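The values are calculated or read from the model by the stated rules, or taken from the named source; none is laboratory data. As the structure is a computational prediction, the values presented were derived from the model and not from experiment. As a convention, Cβ positions derive from the backbone with ideal geometry for all residues, glycine included, and neighbour counts pool all protein chains shown. Side chains included, ligands, DNA and RNA excluded: accessible areas come from the protein's heavy atoms. Shrake-Rupley method; radii C 1.70, N 1.55, O 1.52, S 1.80 Å.
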Amino acid sequence: MMGPRVWSSVRQGLSRGLARNVRGLASGEGRKVDISGIYPPVTTPFTATAEVDYGKLEENLHKLGTLPFRGAVGGVCTLANVLGAQLCQLERLCLTGQWEDAQKLQHRLIEPNAAVTRRFGIPGLKKTMDWFGYYGGPCRSPLQELRPEEEEALRVDFTSNGWL
């Protein structure tokens with residue numbers, strides 16, 4: 001959960017990010033920043049008495065519902081086991097309002113993340129950990145090691161996005 005100061009920064013960036021100027025162009029000139037591939041977390045607001053502020057939560061959800069985001073419902077950061085620094089960089093880019101760079105980085109992370117979370121699961125994560133110099137170790141039963149063709153497909157997911 002993000003703290004109120006961080007959320008405030010992200011919210012301000014979102015409201016300005018859609019119409020801010022790019023590369024010094026005056027407002028209205030050139031193209032606008034497309035942040036449709038970046039998904040903000042939804043925080044739970046609290047009142048001064050530490051109760052959940054349901055009115056503010058509903059307001060926040062309504063505001064987010066009007067932004068051009070594509071259906072994120074949560075995240076499992078399995079990829080952080082091998083690309084943790086890059087995921088931290090993604091957060092920093094969002095917090096500082098660098099939406100174009102954040103979107104580019106996020107798009108490079110999508111395919112490797114899908115590979116270690118959905119496509120190849122734990123055996124894929126263990127293999128990538130080995131590639132990045134960590135100890136992934138053998139799979140415990142009933143999981144099986146990746147077959148050579150699966151390992152090659154996993155390698156493609158990471159090399160085509162510049163991570164290996």
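For the range 136-156, the criterion of a residue being within 19 Å of T78 (Cβ to Cβ) and touching a residue at least 40 places away in the same chain (Cβ under 8 Å) is satisfied by no position. Can you report the number of residues in the range 82-130 which are farther than 19 Å from L143 by Cα and part of a helix (DSSP H, G or I)? Selection size over the range 82-130: 29.
Put simply, of Q98, Q89 the only residue that is touching a Leu at 6+ places or on another chain (Cβ under 8 Å) and surrounded by fewer than 19 Cβ atoms within 10 Å (Cβ to Cβ) is Q89.
Of the residues making up the range 115-164, those that are of a type in the set (A, V, I, L, M) and open to solvent by less than 20 Å² (accessible area, probe 1.4 Å) are A115, V116, L154.
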